[in-house]
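First comes the structure, then the notes that go with it.
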Amino acid sequence: MSTAMNFSSKSFTPRPPDKGAFPLDHFGECSAFKERFMECLRHSGYESAACRQRAMAYLECRMDRQLMTNEPLEKLGFKDLINEKSEEKPEK
């Protein structure tokens, strides 16, 4: 009985990422946002939930500068943070 696996029987067909390719930030337009996010990660012991505000700001920067497709932040998982922002605004 052979224990060797035959990897050539299946072919792998690559597919593009679901959201498409993201252009690199060659001019560093959002590097300040990225650095604040990375600093937050380091201080929180790489607990990403503690840095969601900064992650949202970074993604907003990328969308504003057309480094990624504009998406509603709710769709990117920030619905609860958007609700908090609107509740913090004082009523007129």
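Could you list all residues from the range 16-34 that are open to solvent by less than 90 Å² (accessible area, probe 1.4 Å) and out of contact with any Ser or Thr (no Cβ under 8 Å at 6 or more places or on another chain)?
Initially, the range 16-34 is screened for residues open to solvent by less than 90 Å² (accessible area, probe 1.4 Å), giving 17, 20, 23, 25, 28-34.
Residues satisfying the conditions are 17, 23, 28, 29, 30, 31, 32, 33, 34.
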What number of residues in the range 40-77 are surrounded by 12 or more Cβ atoms within 10 Å (Cβ to Cβ) and in contact (Cβ under 8 Å) with a residue 12 or more places away in the chain?
-> 18
Scan (1) at pLDDT 95 or above; (2) closer than 21 Å to residue 83 by Cβ for the single condition residue 48 breaks and write down its number.
-> (1)
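The values are calculated or read from the model by the stated rules, or taken from the named source; none is laboratory data. All values reported here derive from a predicted model rather than from experimental measurement. Every residue, glycine as well, gets a Cβ built from its backbone with ideal geometry; the counts of neighbours run over all protein chains shown. Please note that ligands, DNA and RNA were not included when accessible areas were found on the heavy atoms of the full protein model with its side chains. Shrake-Rupley method; radii C 1.70, N 1.55, O 1.52, S 1.80 Å.
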